Amino acid sequence: MSTTHPEMIYFVMLDRFENGDPSNDEGGLAGGPTSTGYLPSDPGFYHGGDIRGLINRIPYIKSLGFTAIWITPVVRQLPVATDGKSAAYHGYWGVGFDQIDPHLGTMADFKELVSDAHAQQMKIILDIVVNHTADVIHYAQGSSYIALADQPYKTTSGAVFNPVKLAGSSKFPTLDQLSVKTSYPKTPIIAPQNLNIKSPDWLNNPLNYHNRGDTGSTDESLQYGDLYGLDDLFTESPIVVKGWVDVFSNWIVDTGIDGFRIDSSRHVNTAFWKVFLPAMRQAAFSQGKSSFPMWGEVYDANPRNTSFWIKNASFNEVLDFPIQAAIIGYINNYDTELLGAYFNTDDFYTTATTNANGLGTFLGNHDMGRIGSFIVQKATDGTVALKRDELAHALLFTIRGVPIVYYGDEFGLTGANDKEARQDLFPTGVLSWQSQYRIGGDFIGTGSSFDTTNPLQDTIRTLTALRDKFPALATGSQTTDYADRGIFAFSRFDNTTHQEMLVAVNDYSAASVATFTSNSTNSSWSIQSGHGKATVISGKTTVTLPALSWAVFTSDSPVPKARKLSATTVQVQPDLVDPTQVEVDARVKGSPFVDVAFMYRVGNGAWQSLGVDSAPTFSPDPNANGLYRVFPLLSTFPKKSSIQFRTVATDSYGVTATSAVKIFKTH
């Protein structure tokens, strides 16, 4: 099963990428760094990168083979934190959400960026924030979080109301029913100069915020608390929902952007997303865009938690934090078996409209640190570090999902988390960055990265070209073939050409060999990229790979049409880990590559889709191996009913098989 997002994305932090217009470095503000936010020698302040600089460098990004650019938020910021110790160069302290931050340029500049990108067949993905604004609101009672159970929300009449139950409802209290003194557990205080700093104007009303203090360790505080003190919006309120829908619909309509990356998504209630996300898709559709991906940031390494937001909050895409952790574990710690088993969790993302192919995959980012920083923690030898970096990128561009490369990774930058991972590519004034170690390159000194070359650039160009040449690497189904002793081997399948691709990677510091049952039993392999060889003898494939290497092969013959398929719905049972879900398992015989559609109905009603799984599970346990699965929400089905389930398997030639019906009774 394919997806409609075969993009390859280059992620840019605008302030650190390229300074195209030095006249806007101070954002039109007067005074020193604590007023303007501009201090290029400090990692925590503005350095001068801007929209004009990115416009100038679009051809460079395109030359690497990318098809889209994700840029950090461009809205007007609160320039400097209250304590004066850091600035909003990163873009996540918004106050003017219908404006461009003057440090970055103008709205005309931004529209030119989108137009120029489109003219060069590239898309623009805009980073947005709806969870919070900059830290403008403070509290008379201090910043510690107060739980709902201790001090619930009240109307001016003293009536307690539950925002969880009223979210998205017309019964949610109107603004004239709320009071800053009696409705909230904390009394909001705003400095006089900031009373009207936000735009649109509804953002200036403290009644539109949760006003409970900073986030803590509880799940509740993650939803209602101020993340790092940032003003947390009352996203349960219809006023906030409509306000954000209007703001970001206008961005789509007025600028022509092609998608969103949505910051801190898990800190916003699910009811908000069920209104906001469809509204954004509708706005995009009104502009002739049939697809408008929106990758939610769910900063969690557990795929059950990241997939929650797809099943419960109307997201079609989230960022794949779990695979980032799995790849680093493989590259640094030889966790081959864990990587192989990880893709079994792709089934959590399968619904009638989504699958794991839409996930945003990455190796590092502006918060956790760069892939180079993870590698140099374990690889002290420069040659080994470069090979591990290349190996990580080879995985990124050949596994399912939408690959995202963080700007500067192609120059081997090695910055650790947060501020240290946000280096300048233009000449930097940060002394420690001038002498910072680079994988595959020399210290930058006072030069520009754009005037240098690095082997990682060629590796990325090779991989983007490979993914562009072979659609199976972008949208084909993925099946794990082998995961042991350093070698991870998997297949990608092209339903149109009936061609199997074999990808094999070796993270051992020595040559390695693996033999496994071949899907293309009657075919030989031709290498398309990388280093290694693959042979087929008696229906088994043997791959031989040099140390720290990767190889991509194509089968010389198409997978044959199935003579006959058989499908069996093995079981339907409550998910043993998550009781809100049901696990539906099936097995198919007759072809190694099939799409398995899961369906259900109630009584004699019409059959309805639960999604399509194209990748059987991989496990050394024969009972757990080779299963096609979906995990629909229990709430999908009516209570106290007998639900009929069946599966329909289809190979790439159209041969089908339908299983017998399996009955599951809900309580």
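The values are calculated or read from the model by the stated rules, or taken from the named source; none is laboratory data. Because the structure is predicted, anything quoted here is derived from the model rather than measured. Note that we place each Cβ from the backbone using ideal geometry, even for glycine, and neighbour counts take in every protein chain shown.
Which residues, counting only those in region 1-58, are crowded, with 23+ Cβ neighbours inside 10 Å, free of Cβ contacts under 8 Å to residues at least 60 places away in the same chain and in a helix (DSSP H, G or I)?
Result: LEU54, single match.
Of all residues in region 574-618 being of a type in the set (Ser, Thr, Tyr) and surrounded by fewer than 22 Cβ atoms within 10 Å (Cβ to Cβ), which is farthest from SER518 (Cα to Cα)? First the steps, then the outcome.
Narrowing region 574-618 to residues of a type in the set (Ser, Thr, Tyr): 580, 591, 600, 609, 614, 617.
Filter once more, so that each one left must be surrounded by fewer than 22 Cβ atoms within 10 Å (Cβ to Cβ): 580, 591, 609, 617.
Values: THR580: 37, SER591: 12, SER609: 31, THR617: 16 Å.
Within region 574-618, the match that is farthest from SER518 (Cα to Cα) is THR580.
The rows are residues; the columns are (1) part of a loop (DSSP other than H, G, I, E, B); (2) among the aliphatic types (A, V, I, L, M); (3) touching a residue at least 60 places away in the same chain (Cβ under 8 Å); (4) touching a strand residue (DSSP E or B) at 6+ places or on another chain (Cβ under 8 Å).
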| position | (1), (2), (3), (4) |
| --- | --- |
| LEU413 | yes, yes, no, yes |
| LYS419 | no, no, yes, no |
| GLN423 | yes, no, yes, no |
| ILE444 | yes, yes, no, yes |
| GLY447 | yes, no, no, no |
| PHE450 | no, no, yes, no |
| LEU456 | no, yes, yes, no |
| ASP468 | no, no, yes, no |
| TYR482 | no, no, yes, yes |
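Filter region 504-527 for residues that are exposed (fewer than 13 other Cβ atoms within 10 Å of the Cβ) and out of contact with any Ser or Thr (no Cβ under 7 Å at 6 or more places or on another chain) and give the result.
ALA510, THR517
Tell me yes or no: at least one residue of region 489-503 is among the aromatic types (Phe, Trp, Tyr), crowded, with 20+ Cβ neighbours inside 10 Å and either modelled with pLDDT under 95 or within 23 Å of the chain's Cα centre (by Cα) (or both).
Within region 489-503, the first condition is being among the aromatic types (Phe, Trp, Tyr), and the residues that meet it are 490, 493.
Pick out the ones that are also crowded, with 20+ Cβ neighbours inside 10 Å and you get 490, 493.
Checking the rest, the ones that are also either modelled with pLDDT under 95 or within 23 Å of the chain's Cα centre (by Cα) (or both) come to 490.
Yes, region 489-503 contains a residue that is among the aromatic types (Phe, Trp, Tyr), crowded, with 20+ Cβ neighbours inside 10 Å and either modelled with pLDDT under 95 or within 23 Å of the chain's Cα centre (by Cα) (or both).
How many residues does region 627-644 contain that are surrounded by 15 or more Cβ atoms within 10 Å (Cβ to Cβ) and under 32 Å from the mean Cα position of the chain (by Cα)?
Total meeting the criteria: 10.
Of the residues in region 145-201, how many are exposed (fewer than 12 other Cβ atoms within 10 Å of the Cβ), small (Gly, Ala, Ser) and in a strand (DSSP E or B)?
Qualifying residue count for the region: 0.
Any chance region 256-267 includes a residue that's within 26 Å of GLY229 (Cβ to Cβ), among the hydrophobic types (A, V, I, L, M, F, W, C), modelled with pLDDT of 95 or more and not assigned by TED's automatic domain parsing to the domain that holds LYS165?
Checking region 256-267: at least one residue is within 26 Å of GLY229 (Cβ to Cβ), among the hydrophobic types (A, V, I, L, M, F, W, C), modelled with pLDDT of 95 or more and not assigned by TED's automatic domain parsing to the domain that holds LYS165.
Just checking, does region 530-544 include any residue being under 31 Å from the mean Cα position of the chain (by Cα) and farther than 27 Å from THR306 by Cα? Working first, answer last.
The initial filter retains those residues of region 530-544 that are under 31 Å from the mean Cα position of the chain (by Cα), namely 530-531.
This time we only want the ones that are farther than 27 Å from THR306 by Cα, so: 530-531.
Yes; the residues of region 530-544 include at least one that is under 31 Å from the mean Cα position of the chain (by Cα) and farther than 27 Å from THR306 by Cα.
I'd like to verify a number: residues in region 92-113 that are surrounded by 19 or more Cβ atoms within 10 Å (Cβ to Cβ), hydrophobic (A, V, I, L, M, F, W, C) and farther than 24 Å from LEU227 by Cβ, how many?
2
When region 370-407 is examined, which residues are found to be of a type in the set (Gly, Ala, Ser) and surrounded by fewer than 20 Cβ atoms within 10 Å (Cβ to Cβ)?
Within region 370-407, the first condition is being of a type in the set (Gly, Ala, Ser), and the residues that meet it are 372-373, 379, 382, 385, 392, 394, 401.
Result: SER373, GLY382.
List the helices (runs of 4 or more DSSP H) that sit entirely inside region 234-347 and contain at least 3 residues that are within 20 Å of the chain's Cα centre (by Cα).
Per the criteria, 270-286, 303-312, 321-333.
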